[in-house]
Amino acid sequence: MKKAIFPGSFDPFTIGHYDIVRRALPLFDTIIIGVGTNAQKKPLFSTDERVAAIRDLFADEPKVQVQTYHELTVDFARETGAEYILRGIRTTVDFEYEKACAEANRQMSGIETVLLFTQPQYAHISSSLVRDLYSYGKDISPYLPNKK
Ligand code: ADP
(Lines give C-alpha, C1' and ligand atoms only; values in the text may rest on other atoms or scores of the structure.)
Protein backbone atom coordinates (compact mmCIF):
# COMPACT_ATOMS: atom_id res chain seq x y z
CA MET A 1 0.00 0.00 0.00
CA LYS A 2 1.92 3.03 -1.24
CA LYS A 3 0.66 6.27 0.22
CA ALA A 4 1.87 9.78 -0.61
CA ILE A 5 0.95 13.25 0.51
CA PHE A 6 1.00 16.13 -1.97
CA PRO A 7 1.41 19.16 0.30
CA GLY A 8 1.05 22.76 -0.81
CA SER A 9 -0.77 26.03 -0.39
CA PHE A 10 -2.84 25.50 -3.56
CA ASP A 11 -4.07 29.11 -3.47
CA PRO A 12 -5.47 28.24 -5.98
CA PHE A 13 -4.93 24.65 -7.27
CA THR A 14 -3.76 25.11 -10.89
CA ILE A 15 -3.56 22.93 -13.99
CA GLY A 16 0.13 22.47 -13.11
CA HIS A 17 -0.79 20.92 -9.74
CA TYR A 18 -3.53 18.85 -11.37
CA ASP A 19 -1.13 17.45 -13.93
CA ILE A 20 1.34 16.39 -11.22
CA VAL A 21 -1.38 14.50 -9.30
CA ARG A 22 -2.75 12.78 -12.40
CA ARG A 23 0.70 11.67 -13.52
CA ALA A 24 1.52 10.40 -10.02
CA LEU A 25 -1.64 8.28 -9.76
CA PRO A 26 -0.05 5.15 -11.31
CA LEU A 27 2.80 5.37 -8.77
CA PHE A 28 0.69 5.30 -5.58
CA ASP A 29 -2.36 3.56 -4.11
CA THR A 30 -3.41 6.71 -2.30
CA ILE A 31 -2.50 10.37 -2.72
CA ILE A 32 -3.59 12.74 0.04
CA ILE A 33 -3.60 16.32 -1.18
CA GLY A 34 -2.68 18.37 1.90
CA VAL A 35 -3.92 21.93 1.84
CA GLY A 36 -1.62 23.88 4.11
CA THR A 37 -3.06 26.50 6.40
CA ASN A 38 -0.34 28.98 7.27
CA ALA A 39 -1.44 31.55 9.85
CA GLN A 40 1.28 33.94 8.58
CA LYS A 41 -0.10 33.97 5.01
CA LYS A 42 -3.39 35.61 4.10
CA PRO A 43 -4.76 33.42 1.31
CA LEU A 44 -6.83 34.70 -1.60
CA PHE A 45 -9.11 31.67 -1.45
CA SER A 46 -10.22 30.39 1.97
CA THR A 47 -9.18 26.94 3.11
CA ASP A 48 -12.75 25.74 2.67
CA GLU A 49 -12.90 27.07 -0.90
CA ARG A 50 -9.60 25.44 -1.81
CA VAL A 51 -10.55 22.09 -0.29
CA ALA A 52 -14.00 22.10 -1.91
CA ALA A 53 -12.59 22.90 -5.37
CA ILE A 54 -9.97 20.13 -5.17
CA ARG A 55 -12.47 17.58 -3.79
CA ASP A 56 -14.82 18.34 -6.65
CA LEU A 57 -12.03 17.83 -9.22
CA PHE A 58 -11.19 14.38 -7.88
CA ALA A 59 -14.71 13.32 -6.90
CA ASP A 60 -14.51 10.35 -9.29
CA GLU A 61 -10.96 9.33 -8.32
CA PRO A 62 -11.08 7.08 -5.23
CA LYS A 63 -7.28 7.11 -4.85
CA VAL A 64 -7.25 10.83 -4.07
CA GLN A 65 -8.19 12.34 -0.71
CA VAL A 66 -8.07 15.99 0.34
CA GLN A 67 -7.22 17.19 3.86
CA THR A 68 -6.08 20.37 5.52
CA TYR A 69 -3.01 20.47 7.71
CA HIS A 70 -1.44 22.95 10.11
CA GLU A 71 1.68 21.11 11.20
CA LEU A 72 5.11 20.51 9.71
CA THR A 73 4.89 18.51 6.46
CA VAL A 74 6.69 15.45 7.88
CA ASP A 75 4.35 15.38 10.89
CA PHE A 76 1.37 15.52 8.56
CA ALA A 77 2.88 12.68 6.51
CA ARG A 78 3.42 10.58 9.65
CA GLU A 79 -0.10 11.20 10.93
CA THR A 80 -1.61 10.05 7.66
CA GLY A 81 0.71 7.04 7.46
CA ALA A 82 2.28 8.25 4.19
CA GLU A 83 5.78 7.06 3.28
CA TYR A 84 6.24 9.53 0.43
CA ILE A 85 5.97 13.24 -0.22
CA LEU A 86 5.05 14.19 -3.79
CA ARG A 87 6.23 17.53 -5.19
CA GLY A 88 6.56 19.17 -8.60
CA ILE A 89 9.48 21.00 -10.20
CA ARG A 90 9.25 23.76 -12.81
CA THR A 91 12.60 25.52 -12.71
CA THR A 92 16.09 25.35 -11.29
CA VAL A 93 14.84 27.62 -8.49
CA ASP A 94 12.19 25.01 -7.60
CA PHE A 95 14.89 22.35 -7.88
CA GLU A 96 17.18 23.95 -5.28
CA TYR A 97 14.28 24.58 -2.92
CA GLU A 98 12.80 21.10 -3.29
CA LYS A 99 16.23 19.50 -2.89
CA ALA A 100 16.77 21.27 0.46
CA CYS A 101 13.27 20.38 1.69
CA ALA A 102 13.60 16.76 0.56
CA GLU A 103 16.92 16.36 2.35
CA ALA A 104 15.64 17.95 5.58
CA ASN A 105 12.46 15.89 5.52
CA ARG A 106 14.34 12.64 4.88
CA GLN A 107 16.77 13.35 7.71
CA MET A 108 13.95 14.18 10.11
CA SER A 109 11.68 11.28 9.30
CA GLY A 110 13.12 8.89 6.71
CA ILE A 111 10.25 9.91 4.41
CA GLU A 112 11.33 10.07 0.77
CA THR A 113 10.26 12.81 -1.62
CA VAL A 114 9.17 11.87 -5.13
CA LEU A 115 9.62 14.71 -7.60
CA LEU A 116 7.96 15.00 -10.98
CA PHE A 117 9.01 17.58 -13.56
CA THR A 118 6.34 19.83 -14.95
CA GLN A 119 5.27 19.50 -18.56
CA PRO A 120 6.70 22.45 -20.54
CA GLN A 121 3.28 23.93 -21.26
CA TYR A 122 2.69 24.34 -17.50
CA ALA A 123 6.17 25.49 -16.51
CA HIS A 124 5.20 29.17 -16.25
CA ILE A 125 2.06 28.58 -14.20
CA SER A 126 2.11 29.36 -10.49
CA SER A 127 -0.58 30.11 -7.95
CA SER A 128 0.94 33.56 -7.42
CA LEU A 129 0.60 34.36 -11.16
CA VAL A 130 -3.05 33.29 -11.00
CA ARG A 131 -3.66 35.40 -7.87
CA ASP A 132 -2.10 38.44 -9.57
CA LEU A 133 -4.30 38.08 -12.63
CA TYR A 134 -7.35 37.58 -10.41
CA SER A 135 -6.58 40.73 -8.43
CA TYR A 136 -6.63 42.68 -11.72
CA GLY A 137 -9.99 41.19 -12.63
CA LYS A 138 -8.62 38.95 -15.40
CA ASP A 139 -10.11 35.61 -16.42
CA ILE A 140 -8.16 32.91 -14.57
CA SER A 141 -10.11 29.95 -15.94
CA PRO A 142 -7.35 28.97 -18.45
CA TYR A 143 -5.11 28.21 -15.46
CA LEU A 144 -7.62 26.18 -13.49
CA PRO A 145 -8.17 22.48 -14.13
CA ASN A 146 -11.29 21.01 -15.67
CA LYS A 147 -12.49 17.65 -14.46
CA LYS A 148 -11.40 14.92 -16.89
P1 ADP B 1 4.10 25.64 -1.68
O2 ADP B 1 3.52 26.88 -1.08
O3 ADP B 1 4.31 24.53 -0.69
O4 ADP B 1 5.29 25.82 -2.60
P5 ADP B 1 2.39 25.36 -4.00
O6 ADP B 1 0.90 25.25 -3.86
O7 ADP B 1 2.90 26.61 -4.60
O8 ADP B 1 2.91 25.08 -2.55
O9 ADP B 1 2.96 24.13 -4.83
C10 ADP B 1 2.89 22.80 -4.42
C11 ADP B 1 3.83 21.93 -5.27
O12 ADP B 1 3.43 21.99 -6.63
C13 ADP B 1 5.29 22.41 -5.24
O14 ADP B 1 6.13 21.26 -5.29
C15 ADP B 1 5.43 23.19 -6.53
O16 ADP B 1 6.77 23.19 -7.01
C17 ADP B 1 4.53 22.37 -7.45
N18 ADP B 1 4.02 23.17 -8.56
C19 ADP B 1 3.44 24.38 -8.55
N20 ADP B 1 3.09 24.79 -9.78
C21 ADP B 1 3.47 23.78 -10.63
C22 ADP B 1 3.42 23.62 -12.06
N23 ADP B 1 2.92 24.55 -12.87
N24 ADP B 1 3.93 22.45 -12.57
C25 ADP B 1 4.46 21.52 -11.75
N26 ADP B 1 4.56 21.62 -10.40
C27 ADP B 1 4.07 22.74 -9.85
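The values are calculated or read from the model by the stated rules, or taken from the named source; none is laboratory data. Owing to the predicted nature of the structure, the values given are computational and were not obtained by experimental measurement. Note that each Cβ is placed from the backbone with ideal geometry, even for glycine, and that neighbours are counted across all protein chains shown. Protein only, heavy atoms only, side chains kept; ligands, DNA and RNA dropped before computing areas. Shrake-Rupley method; radii C 1.70, N 1.55, O 1.52, S 1.80 Å.
A few remarks follow.
- Check on LEU115, without any contact (Cβ under 8 Å) to a residue 40 or more places away in the chain and touching a Gly at 6+ places or on another chain (Cβ under 8 Å): yes
- Per-region count, region 121-138, residues on the phi < 0 side of the Ramachandran plot and more than 11 Å from the ligand (Cβ to nearest atom): 6
- Any hit, region 140-147, residues being in contact with a Lys or Arg (Cβ under 8 Å, 6 or more places away or on another chain) and either within 12 Å of the ligand (Cβ to nearest atom) or assigned to a helix (DSSP H, G or I) (or both): no
- Considering region 1-57, the residues that are open to solvent by 70 Å² or more (accessible area, probe 1.4 Å) and of a type in the set (Lys, Arg) include one that is farthest from the ligand (Cβ to nearest atom), namely LYS2.
- Residue match in region 31-38 (condition: of a type outside the set (Gly, Ala, Ser) and at pLDDT below 95): yes
- For region 58-67, a residue qualifies if it is open to solvent by less than 60 Å² (accessible area, probe 1.4 Å) and touching a strand residue (DSSP E or B) at 6+ places or on another chain (Cβ under 7 Å), and the qualifying residues are PHE58, VAL64, VAL66.
- Here VAL130, VAL114 are screened, and the one residue that is of a type in the set (Val, Ile, Thr) and either assigned to a helix (DSSP H, G or I) or in contact with a Cys (Cβ under 7 Å, 6 or more places away or on another chain) (or both) is VAL130.
- Selected residue (criterion: surrounded by the most Cβ atoms within 10 Å (Cβ to Cβ)) from residues of region 69-104 that are aliphatic (A, V, I, L, M), within 13 Å of the ligand (Cβ to nearest atom) and assigned to a helix (DSSP H, G or I): ALA102
- Only a single item in (1) among the β-branched types (Val, Ile, Thr); (2) in contact with a Lys or Arg (Cβ under 6 Å, 6 or more places away or on another chain); (3) more than 20 Å from ASN146 (Cβ to Cβ) is not met by VAL66, and it is number (3).
- Every condition in (1) within 19 Å of LYS3 (Cβ to Cβ); (2) free of Cβ contacts under 8 Å to residues at least 24 places away in the same chain holds for VAL93 except the one numbered (1).
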